[in-house]
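Data first, discussion second: the structure below is written as structure tokens.
What follows is calculated from the coordinates using simple rules that are stated; it is not laboratory data. Just so it is clear, the structure is predicted and the values come from calculations on it, not from any experiment. Cβ: placed from backbone, ideal geometry, glycine included. Neighbour counts: every protein chain shown.
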């Protein structure tokens, strides 16, 4: 399932970005995209991916 792998990748990227923000006060998404519509789109995709990843792995654990 390619979309499960993509969701996991986006979740990891989001986690790394939050780590950079917490450690160095550096936001990689804003650095890469600036103040374009890609910045909130990226945050939305990472958020949806984290929800999907949680539900996907939660159902794997239950089975």
Legend entry - Scope the stretch 33-60; condition more than 27 Å from residue 1 (Cβ to Cβ) and assigned to a helix (DSSP H, G or I); matching residues: 33, 39
Inset, instruction - Determine which member of the set 12, 21 is more than 8 Å from the chain's Cα centre (by Cα), assigned to a helix (DSSP H, G or I) and surrounded by 14 or more Cβ atoms within 10 Å (Cβ to Cβ). - result: 21
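From 37, 58, 33, which residue is surrounded by 11 or more Cβ atoms within 10 Å (Cβ to Cβ) and free of Cβ contacts under 8 Å to residues at least 40 places away in the same chain? Quick ask: steps written out before the conclusion?
Numbers: 37 fails: surrounded by 11 or more Cβ atoms within 10 Å (Cβ to Cβ); 58 fails: surrounded by 11 or more Cβ atoms within 10 Å (Cβ to Cβ).
Selected residue: 33, the only one of 37, 58, 33 that is surrounded by 11 or more Cβ atoms within 10 Å (Cβ to Cβ) and free of Cβ contacts under 8 Å to residues at least 40 places away in the same chain.
Here is a yes/no grid of residues against (1) touching a residue at least 12 places away in the same chain (Cβ under 8 Å); (2) farther than 30 Å from residue 59 by Cα; (3) touching a helix residue (DSSP H, G or I) at 6+ places or on another chain (Cβ under 6 Å):
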residue	(1), (2), (3)
4	yes, no, yes
19	no, no, no
25	no, yes, no
29	yes, yes, yes
43	yes, no, no
